[in-house]
1. What order do D176, D56 take when sorted by accessible area (1.4 Å probe), most exposed first?
2. About the Cα centre of the range 3-147, what is the dipole size in debye to 20, counting +1 per Lys and Arg Cβ and -1 per Asp and Glu Cβ, all else neutral?
3. In the chain, with Lys and Arg counted as +1 and Asp and Glu as -1 at Cβ, which of these residues, C61, A179, V82, has the Cα nearest the positive end of the dipole, that is, farthest along it?
4. How would H206, H181, H62 rank on accessible area, largest to smallest, probe 1.4 Å?
5. Would you kindly find the accessible area of D27, with a 1.4 Å probe and non-protein molecules such as ligands, DNA and RNA excluded, rounding to the nearest 10 Å²?
6. Determine, from the Cβ-Cβ distance of A173 and E68 and an R0 of 45 Å, the FRET efficiency 1/(1 + (r/R0)^6), rounded to the nearest 0.05.
7. Compare the Cα positions of N48, T100, A141 along the charge dipole of the range 3-147 (+1 at Cβ of Lys, Arg; -1 at Cβ of Asp, Glu; about the Cα centre) and return the one farthest towards the positive end.
8. What percent of all Cα-Cα pairs in the range 3-147 falls into each 10 Å bin, going from 0 up to the bin containing the maximum distance?
Amino acid sequence: MKLGLIGAGNMASALARGIGEPSLVADIDREKAARLAQELGGEPVESNAELAERADAIVLCHKPKQLEEVAREVDGRAKVVVSILAAVTTDRLEAAYPGTPVYRFIPNLPAEVGRGVMCYTPGARAAEGPEREILELFGRAGTIITLDDEVLIEPAMAIMSCSPAFIALVAEAFADAGAAHGLAADLGVRMVVETMAGTAAYLAEHGYDTETLRARVATPGGATERGLIQLEERGLPEACRAAVDAVVEMARQ
Ligand SMILES: NC(=O)c1ccc[n+]([C@@H]2O[C@H](COP(=O)([O-])OP(=O)(O)OC[C@H]3O[C@@H](n4cnc5c(N)ncnc54)[C@H](OP(=O)(O)O)[C@@H]3O)[C@@H](O)[C@H]2O)c1
């Protein structure tokens with residue numbers, strides 16, 4: 001299946017690298033499109049209209065506010081529409097691309113290394129189009145989680161799509177704390193990031209049971225328990241809740 005990416009920015013690049021298909025690419029910035037197309041072994045295309053004409057499925061990777069403008073340019077040529085636009089519902093996508101099968105994903109940046117999480121909601125006509133093939137292609141970039149109710153996509157976006165940035169901030173904060181005790185900053189970041197990767201792998205192997213992991217590391221009265229008490233008392237859970245609330249509120253405006 002020939003994919004046509006509309007927008008060659010950060011997320012399009014990460015996703016396309018994870019999928020690894022020689023795709024067609026269009027972007028307002030033609031050099032950007034050319035660079036990504038070359039990297040993918042694909043082809044840059046001059047206009048969104050030409051891209052839609054030639055692609056089996058277009059992938060909307062522009063900014064959400066450009067939905068109508070891009071749909072006007074495509075002007076009924078798209079056979080299949082895949083969207084990664086935040087805060088744009090399948091209803092809105094179907095209104096912009098009437099009669100076309102629509103597939104909505106919210107991906108995250110680790111898709112680039114094949115370890116993404118992609119939350120998925122099918123549009124009303126999904127079964128009429130190449131749903132299985134689309135899921136196979138996007139599944140190459142990581143784990144697909146299908147949401148039964150599209151209303152859950154905003155909280156999902158907060159904890160899987162925005163959260164690589166949140167988790168990076170946590171890594172920085174721990175590295176800074178180590179640096180305050182003399183650990184070199186680059187060494188600290190490496191220690192934390194490798195520990196995150198190891199913790200993630202361990203949790204996946206053990207049924208994502210975070211509570212048991214905590215109990216195994218934190219013996220009662222020990223040093224880890226003292227650290228955990230500080231994190232809880234100083235508001236880590238409330239800070240996470242506030243971050244998710246802020247994302248959901250903005251995405252639903
Ligand atoms: N970044 C993430 O982690 C993430 C995660 C999940 C979903 N998303 C979604 O992914 C989409 C892209 O986000 P991003 O972070 O990759 O943004 P980005 O880096 O700004 O990429 C968007 C690209 O689309 C181009 N563009 C604008 N108008 C266009 C048009 N009419 N035709 C073709 N290309 C056009 C932009 O060009 P200019 O820069 O010249 O305007 C830019 O290169 C957004 O809808 C966002 O909601 C992003």
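1. Solvent-accessible surface, decreasing: D176, D56.
2. Dipole of the range 3-147, to the nearest 20 debye: 400 debye.
3. Of the options given, the answer is A179.
4. On the way: H206 85, H181 165, H62 25 Å².
Solvent-accessible surface, decreasing: H181, H206, H62.
5. 30
6. 0.65
7. Most positive-ward Cα: A141.
8. 13, 48, 36, 3
The values are calculated or read from the model by the stated rules, or taken from the named source; none is laboratory data. Remember, it's a predicted structure, so these values are computed and weren't measured experimentally. Don't worry about glycine lacking a Cβ; one is built from the backbone with ideal geometry, like all the others, and counts go over all protein chains shown. Side chains included, ligands, DNA and RNA excluded: accessible areas come from the protein's heavy atoms. Shrake-Rupley method; radii C 1.70, N 1.55, O 1.52, S 1.80 Å.
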